[in-house]
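Below is one structure, written out as structure tokens; comments come after it.
The values are calculated or read from the model by the stated rules, or taken from the named source; none is laboratory data. These numbers come from a predicted model, not from an experiment. Glycine gets a Cβ as well: all are built from the backbone with ideal geometry, and neighbour counts include every protein chain shown. Quick note on the areas: whole protein, heavy atoms, side chains included, nothing else; ligands and nucleic acids left out. Shrake-Rupley method; radii C 1.70, N 1.55, O 1.52, S 1.80 Å.
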Amino acid sequence: MFERLSKIFYGGDYNPDQWDESVWEEDIKLMKALRVNAVTLPVFSWARIQPSEEKYDFSWLDKVVDLLGRNSISIIMATPTAAQPAWMSKKYPEMLITDIQGRKHKHGRRVNFCPNNTDYRRLSGLITEKMAQRYKDLPNLIMWHICNEYGIYSYCYCENCARAFRIWLKNRYGSIEELNRRWNANFWGHTYYNWEEIEVPSYLTEIMPSWLGKKDMTAFQGMAIDYNRFMSDSYLDCFLNEVRVIKKHTPDIPVTTNFMGSHKPIDYFDWAKHIDVISWDNYPTNNLPVSKPAMRHDLMRGLKKGQPFFLMEQASNQVNWEPQNALKRPGVMRMLSYQAIAHGADSILFFQWRQTRGACEKYHSAIVPHAGHLNTRTGRELTKLGKELEGLGKKTVGSRINSKVAMMMDWPNWWAIEFSAGPNEDLLYLDQLEKYYRAFYDLNISVDIINPSYDLSGYDIVVAPVLYMVMKETASSVEKFVESGGIFITTFFSGMVDENDLVILGGYPGAFRKLLGLWVEEIDALYPDMTNKIVMKEKFPEMAKKEYECRLICDVVNTEGAKTLAVFGKDYYNGSPSLTENEFGKGKAVYIATEPEDDFMKDLIKHYCKEKAIHSFIRPQKGVEVTQRVKDDRTFTFILNYNSEEISVALPEGKYTNLLNGAVVSGEITIPSKEVFILEN
Ligand code: GLA
Ligand code: ZN
């Protein structure tokens, strides 16, 4: 792949400009002690590098770069364009963002630029050019890191964005008549006669704050979803504006920008096509199950169809932005680091190198704490990890995960579901994805998270929870997948609408009706304290219970060829199908007409995995995660024990080398609490 990405990179964001020069030598000394081999800089240093429009000052950065070079520390060179200097905001006030309330911001914070502002584009392009020219020949330059966490706070809703939105719409729809048709503009007299009449969907226009419980409601879904698409595209244009400059100078150095996992405002699948190496910032908090970061790692790996990614940021210990910023317990940082590698990461990087002295992140952990040395609990853990990663060398780098299961995930679908007024405001897309993901996760079965547009042919099972918005091509690719023997599992509120959130007429679930062999006559929403029952008709050995609980939504289903595997157990639709299976070609399409309890999911998944002979590597145990990465003819099996007790594991036939200590093991092994084994065979 990329020649310079030949080891696991260990280090993090380095902000030497926040410190006196006298500290830099000490930084290097500590980096060496920790085996740090890469740092990212200068992420937020635009103001320092460019004191005025005419003047650039790279002298300090040159010194740091030189120091790093002399000490063989690689550089992930960041363009500092996430925080424009104050003078720039003053000189070009149009550069500042206008929020959803219609308030034009003044200078402050970061990522507060209007993505469609031409001065921002010009000046961010210019500083990128200067940096690319200056640093293009550095032998230790391994990657470009553009800006920082695009879209972290808010979209922009300014007049300039409104103008750009109109152009974007013109390009997408061609004529105002077509736009009216696609948006169903006859509704509430929204018909437009001129592009100029179109406003952006803010609290001043179409969006009603918090009308859907915690969520905003829109009066006009077609427009709201398109605005998200447009904003995602606008930030992408900012990114590409810098990438173009960089590629002129260093066509072979990979380019990235740091993603935020499941970050709703930006369509990462769409962006992934333009990014060489996906990287992301992982901040799981103590009270979250480890399946959450696992799923996000799998999503990041899925963006580029299995290509390994970079863990660009994590916290060595506590963060500063939670209500209670709990410490990471002993061993947790190391476990989370290996979890990232287990799911496809080829780097372990932190925010940040030295804990800041002032401003809002001063109580956010860093590698070097305020105490100034590494003789601390976290410091010792970091030292051990650095040594271990160095020991792993390039063994696992570039290795891939072969999953037989895929889960579909789609940003416009997410936007559409959560803009939807009805059927149930508690329906949240990620909740549903997580539920299905966890069923596989608990069984130690690897899942690729893919876009509906991706090739399905390598999979045995494809799950598409609440795939509400379905493109024609998706419907036919899923049909092909099932015809040729695949198992497709989908749920209530799927196959309902086209890309503009217009209902596919003729009976739900429009796009999947034929495939699923059923139609949904009514969709019932349950009050939060209400449940129904899934009563099994078909006796699968894996289904441990006769009845399971369900909630949220219940579809009233009429089968049209599908077999009823379970029915509802209550209400006037008592006895109507809650779980169906339709044979289609050589495969099956399964419909779950409600939100089932977790046990149901797990049992059902067990059943279909067995049918497809998909097995976990070892017998699944609570609190134990297992993944496998493969390179050439070598397999690396990661077994992580998150429990507070040791576990014993029966390995399949064969001899394995534990890469973390060189021991050759086989048969029954014991894995201590909070320990990871990386077994090569
Ligand atoms: C994000 C940012 C960093 C820092 C961390 C704190 O990931 O990219 O600059 O603010 O959050 O958790
Ligand atoms: Zn704007």
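Determine which single condition residue 167 fails, assuming it passes every other condition in (1) within 16 Å of ligand 2 (Cβ to nearest atom); (2) in contact (Cβ under 8 Å) with a residue 40 or more places away in the chain; (3) open to solvent by 20 Å² or more (accessible area, probe 1.4 Å).
With respect to (1) within 16 Å of ligand 2 (Cβ to nearest atom); (2) in contact (Cβ under 8 Å) with a residue 40 or more places away in the chain; (3) open to solvent by 20 Å² or more (accessible area, probe 1.4 Å), residue 167 is out only on (2).
Could you give every pair whose Cβ atoms fall below 7 Å, whose first residue belongs to region 120-145 and is within 21 Å of residue 237 (Cβ to Cβ), and whose second residue is in a helix (DSSP H, G or I) and among the charged types (D, E, K, R), counting only separations of at least 6 or pairs across chains?
124/242; 125/242; 128/242
Run residue 569 past the list (1) farther than 24 Å from residue 428 by Cα; (2) under 35 Å from the mean Cα position of the chain (by Cα); (3) not β-branched (Val, Ile, Thr) and report the number of the one that doesn't hold.
Looking at each condition in turn, residue 569 falls short on (2).
The rows are residues; the columns are (1) open to solvent by 10 Å² or more (accessible area, probe 1.4 Å); (2) within 14 Å of ligand 1 (Cβ to nearest atom); (3) closer than 18 Å to residue 36 by Cα; (4) in contact with a Ser or Thr (Cβ under 6 Å, 6 or more places away or on another chain).
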residue	(1), (2), (3), (4)
324	yes, no, no, no
329	yes, no, no, no
340	no, no, yes, no
349	no, yes, yes, no
358	yes, no, no, no
373	yes, no, yes, no
383	yes, no, yes, no
394	yes, no, yes, yes
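Within region 309-322, restricting attention to residues that are aromatic (Phe, Trp, Tyr) and open to solvent by less than 20 Å² (accessible area, probe 1.4 Å), which residue is farthest from ligand 1 (Cβ to nearest atom)?
So the first thing to find is which residues in region 309-322 are aromatic (Phe, Trp, Tyr), and the list is 309-310, 321.
Subsequent filtering for residues that are open to solvent by less than 20 Å² (accessible area, probe 1.4 Å) retains 309-310.
Details: 309: 15, 310: 13 Å.
Restricting to residues being aromatic (Phe, Trp, Tyr) and open to solvent by less than 20 Å² (accessible area, probe 1.4 Å), the top hit is 309.
Return the pairs, sorted by first residue and then second, in which the second residue is open to solvent by less than 30 Å² (accessible area, probe 1.4 Å) and modelled with pLDDT of 95 or more, the first residue lies in region 635-653 and is closer than 20 Å to residue 336 by Cβ and acidic (Asp, Glu), the beta carbons are less than 7 Å apart, and the residues are 6+ apart or on different chains.
Going by the 7 Å Cβ cut-off, the qualifying pairs are 646/671.
Quickly run through region 285-302 and pick out the residues that are surrounded by fewer than 20 Cβ atoms within 10 Å (Cβ to Cβ) and either in contact with a Phe, Trp or Tyr (Cβ under 7 Å, 6 or more places away or on another chain) or in a loop (DSSP other than H, G, I, E, B) (or both).
Within region 285-302, 285, 286, 287, 288, 289, 290, 291 meet the criteria.
Could you grab the pairs with beta carbons closer than 9 Å, sequence gap of 6+ or different chains, first residue in region 74-85 and over 14 Å from residue 107 (Cα atoms), second one part of a loop (DSSP other than H, G, I, E, B) and modelled with pLDDT under 95?
74/4
Scan region 263-275 for residues that are buried (at least 20 other Cβ atoms within 10 Å of the Cβ) and either at pLDDT below 95 or part of a loop (DSSP other than H, G, I, E, B) (or both) and jot them down. Reasoning before the result, please.
Taking region 263-275 first, the residues buried (at least 20 other Cβ atoms within 10 Å of the Cβ) are 266-269, 271, 275.
266, 267, 275, listed by residue number.
Results for (1) more than 16 Å from ligand 2 (Cβ to nearest atom); (2) free of Cβ contacts under 8 Å to residues at least 12 places away in the same chain, shown as yes or no for each residue.
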| position | (1), (2) |
| --- | --- |
| 227 | no, no |
| 231 | no, no |
| 235 | no, no |
| 247 | yes, yes |
| 253 | yes, no |
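Can you report the number of residues in region 134-157 which are within 19 Å of residue 103 (Cβ to Cβ), open to solvent by 10 Å² or more (accessible area, probe 1.4 Å) and away from ligand 1 (no atom under 16 Å from the Cβ)?
Quick first cut of region 134-157, residues within 19 Å of residue 103 (Cβ to Cβ) only: 151-157.
Among the residues that remain, those that are also open to solvent by 10 Å² or more (accessible area, probe 1.4 Å) are: 152-155, 157.
Among the residues that remain, those that are also away from ligand 1 (no atom under 16 Å from the Cβ) are: 155, 157.
Qualifying residue count for the region: 2.
Taking the condition of being more than 13 Å from ligand 1 (Cβ to nearest atom) and exposed (fewer than 14 other Cβ atoms within 10 Å of the Cβ), how many residues in region 360-371 meet it?
Initially, region 360-371 is screened for residues more than 13 Å from ligand 1 (Cβ to nearest atom), giving 367-371.
Of the ones still in play, those that are also exposed (fewer than 14 other Cβ atoms within 10 Å of the Cβ) are 370-371.
Of the residues in region 360-371, 2 are more than 13 Å from ligand 1 (Cβ to nearest atom) and exposed (fewer than 14 other Cβ atoms within 10 Å of the Cβ).
When you scan region 94-118, how many residues do you find that are open to solvent by 40 Å² or more (accessible area, probe 1.4 Å) and more than 12 Å from ligand 2 (Cβ to nearest atom)?
Qualifying residue count for the region: 6.
Every residue, every condition in (1) in contact with a Leu (Cβ under 7 Å, 6 or more places away or on another chain); (2) at pLDDT 95 or above; (3) buried (at least 19 other Cβ atoms within 10 Å of the Cβ); (4) in the same structural domain as residue 332 (by TED's automatic domain parsing), yes or no:
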site	(1), (2), (3), (4)
616	yes, yes, no, no
638	no, yes, yes, no
643	no, yes, no, no
650	no, yes, no, no
656	yes, yes, yes, no
669	yes, yes, no, no
676	yes, yes, yes, no
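Tell me which residues, restricted to region 180-206, are under 31 Å from the mean Cα position of the chain (by Cα) and open to solvent by less than 30 Å² (accessible area, probe 1.4 Å). Lay out the reasoning, then the answer.
To start, the set of residues in region 180-206 that are under 31 Å from the mean Cα position of the chain (by Cα) comprises 182-183, 199-206.
Residues satisfying the conditions are 183, 200, 201, 202, 206.
Residue 131 - would you say it is buried (at least 19 other Cβ atoms within 10 Å of the Cβ) and within 16 Å of ligand 2 (Cβ to nearest atom)? Lay out the reasoning, then the answer.
Numbers: buried (at least 19 other Cβ atoms within 10 Å of the Cβ): yes; within 16 Å of ligand 2 (Cβ to nearest atom): no.
For residue 131, the condition - buried (at least 19 other Cβ atoms within 10 Å of the Cβ) and within 16 Å of ligand 2 (Cβ to nearest atom) - is not met.
Going by the conditions given, is residue 234 open to solvent by less than 40 Å² (accessible area, probe 1.4 Å) and away from ligand 1 (no atom under 16 Å from the Cβ)? Please lay out each step first, then the result.
Working: open to solvent by less than 40 Å² (accessible area, probe 1.4 Å): yes; away from ligand 1 (no atom under 16 Å from the Cβ): yes.
For residue 234, the condition - open to solvent by less than 40 Å² (accessible area, probe 1.4 Å) and away from ligand 1 (no atom under 16 Å from the Cβ) - is met.
Would you pick out the residues in region 581-611 that are under 14 Å from residue 486 (Cα atoms), open to solvent by 20 Å² or more (accessible area, probe 1.4 Å) and either part of a strand (DSSP E or B) or out of contact with any Asp or Glu (no Cβ under 6 Å at 6 or more places or on another chain) (or both)?
Scanning region 581-611 gives 583, 584, 586, 588, 610, 611.
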